[in-house]
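S.K.: Can you read through this structure? Questions will come right after.
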Amino acid sequence: MTPDLDVLRSAADRALAYATGIDDRAATPTPDAIARLAAFDEPFPDGSTDPGDTIELLDRVGGPATMGSTGPNYFGFVNGATYPVALGAAFIADAWDQNAALPVMSPVAAKLYDVSARWLIEALRLPEGTDVAYVTGATVANASCLAVARDAQLAACGWDSPTRGLFGAPPIQVVVGGQVHSTIRKSLGLVGLGSERITVVPTDDQGRLRADLLPDIDPAAGPIIVCAQAGEVNTGAFDPFDAIADWAAERDAWMHVDGAFGLWALADPSRAHLVTGLDRADSWATDGHKWLNVTYDCGIAFVRRPGALRHTFASVAGYLPPENGFEAMHHTPQSSQRARQVEVWAVLRTLGRAGLAAMVQQASDAAATIARQLDDELGNDGLVVLNDVVLNQVLVRFVDTPTTERLLAEIQRDGRVWCGPTTWQGERAMRISVSSWKTTIDGARQAADVIVGCARNVCGD
Ligand SMILES: *Cc1c(COP(=O)(O)O)cnc(C)c1O
């Protein structure tokens, strides 16, 4: 056995032990485990270190200080877990270490791009011919789509922004909802449109953009981009896409949808009422690493107009061969890139159409179960479920801001489940996001029991 093999075997054994042991572990690392991270505070070594020793240290000290986000009881942010087939495909894809920038660099990455892109369009019932690009996450997917929107809208006015920039360009008018995700603002800043130079449309009590309050802006004053949302990050609510699409069509506006987790609702026929008109947008952003439960970092940008991604992201260099097929580096901000399609393909192939719909249903049913149980058992003690649980998000407040914060602190001290804080309509609230394929309905009941127990501790103080 070569020493290399020893290192890889040791790493694989440890990874498997971690992956199979996570369900029996608390969702939160112990304070002790976090304190032991100090073991990493070594001086930069002068000479070499045994790789086996490095793997051992990483596993022994690092593993216990992870959040249990691949287990069934982590409800923080909207972080997904990992399907076994995704992790397995990731092992193999990491061993391959393919650069997915160009087909000539990886025939297998090119093939799995083609297949996964076709399947994604089918699974999400997006318009045929829509371009698909893998990026690092929904933030970059949003930014990529907005860069494309910017260039396409300016091209329609005869302005070539990829070469001329925005200086002296017709001013683009950007319209967003009041509950727009922070990463849309960040993306607007990044692509030169300004995070504050926007028209903000008020939202309703679920955070949905009020289509009746869309401004009567004049496209003659400059091309328009409107950002809608599939899955508000607190409530899981969906914007009224049909009304927004009508408004956009009247103004030749580009309609972009941030669907970091909510876009997957398109895969579940029982949620068709939420997504009416969603397929009328010009671009969509989503994540693989959230609800599809592949490993980080995987975001996906979809652009309806063929060639528009390329118009924005093509790069030119003498050594680049002319190619047939999809050239990722000419469709994304990155050049060199991981073959993220490998895991997406593996999960889509494993789940199939029915499994994907079941993934959305199970998490949403689990969220509804938690909401119902919390309301039943704590409603009289001042717990309020603040949202209509239409998807996988539950938003609650316990009595008031200080009590909600004490409940959060108690849940995190207890450690068995993990929930995080948010601000809703100016006040503190707690968010329970079910994004792991491992959270069953039974598991949801047990998680709700833990939260109820923590609330009783807080009340009993
Ligand atoms: C998580 C999220 C994002 C950002 O996604 P990243 O993968 O963290 O870049 C954007 N929009 C919404 C609605 C989200 O939930």
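The values are calculated or read from the model by the stated rules, or taken from the named source; none is laboratory data. Keep in mind that this is a model prediction, so the values were computed, not measured. Positions of Cβ are backbone-derived with ideal geometry, glycine not excepted, and every protein chain shown enters the neighbour counts.
S.K.: Filtering the range 73-121 down to residues that are free of Cβ contacts under 8 Å to residues at least 40 places away in the same chain and charged (D, E, K, R), which residue is surrounded by the fewest Cβ atoms within 10 Å (Cβ to Cβ)?
M.R.: Selected residue: Asp97.
S.K.: Might you check whether a residue that is surrounded by 22 or more Cβ atoms within 10 Å (Cβ to Cβ), touching a Cys at 6+ places or on another chain (Cβ under 9 Å) and in contact (Cβ under 8 Å) with a residue 12 or more places away in the chain occurs anywhere in the range 155-172?
M.R.: no
S.K.: Separate question: Out of Asp461, Asp414, Asp400, I need the residue that is modelled with pLDDT of 95 or more and touching a helix residue (DSSP H, G or I) at 6+ places or on another chain (Cβ under 9 Å). Which one?
M.R.: Numbers: Asp461 fails: modelled with pLDDT of 95 or more; Asp400 fails: touching a helix residue (DSSP H, G or I) at 6+ places or on another chain (Cβ under 9 Å).
Just a single option satisfies the conditions, and that option is Asp414.
S.K.: Also: Ala117 - would you say it is assigned to a loop (DSSP other than H, G, I, E, B) and in contact with a strand residue (DSSP E or B) (Cβ under 9 Å, 6 or more places away or on another chain)?
M.R.: Numbers: assigned to a loop (DSSP other than H, G, I, E, B): no; in contact with a strand residue (DSSP E or B) (Cβ under 9 Å, 6 or more places away or on another chain): yes.
Answer is no for this residue.
S.K.: Return the total of residues in the range 267-299 being buried (at least 24 other Cβ atoms within 10 Å of the Cβ) and outside any loop (DSSP other than H, G, I, E, B).
M.R.: Adding up the residues that qualify gives 8.
Matching residues to (1) more than 26 Å from the chain's Cα centre (by Cα); (2) within 30 Å of Gly355 (Cα to Cα):
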{"position": "Leu378", "(1), (2)": "yes, no"}
{"position": "Val384", "(1), (2)": "yes, no"}
{"position": "Leu391", "(1), (2)": "no, yes"}
{"position": "Leu408", "(1), (2)": "no, no"}
{"position": "Asp414", "(1), (2)": "yes, no"}
{"position": "Val417", "(1), (2)": "no, yes"}
{"position": "Asp449", "(1), (2)": "yes, yes"}
{"position": "Cys454", "(1), (2)": "yes, no"}
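S.K.: While we're here: May I ask you to list the residues in the range 178-192 that are touching a Leu at 6+ places or on another chain (Cβ under 7 Å) and more than 12 Å from the ligand (Cβ to nearest atom)?
M.R.: Of the range 178-192, the ones touching a Leu at 6+ places or on another chain (Cβ under 7 Å) are 187-188, 191-192.
Once the filter is applied, which keeps residues that are touching a Leu at 6+ places or on another chain (Cβ under 7 Å) and more than 12 Å from the ligand (Cβ to nearest atom), the range 178-192 yields Leu188, Val191, Gly192.
S.K.: Does the range 173-189 hold any residues that are within 13 Å of Pro223 (Cβ to Cβ) and surrounded by fewer than 24 Cβ atoms within 10 Å (Cβ to Cβ), and which are they?
M.R.: Our first condition is that a residue be within 13 Å of Pro223 (Cβ to Cβ); within the range 173-189, this holds for 173-175.
Within the range 173-189, just Gln173 meets the criteria.
S.K.: Hey, can you tell me all the residues within the range 123-149 that are of a type in the set (D, E, K, R) and more than 22 Å from Met359 (Cβ to Cβ)? Before you say what the answer is, go through the steps one by one.
M.R.: Restricting attention to the range 123-149, the residues satisfying the condition of being of a type in the set (D, E, K, R) are 125, 128, 131.
Matches in the range 123-149: Glu128, Asp131.
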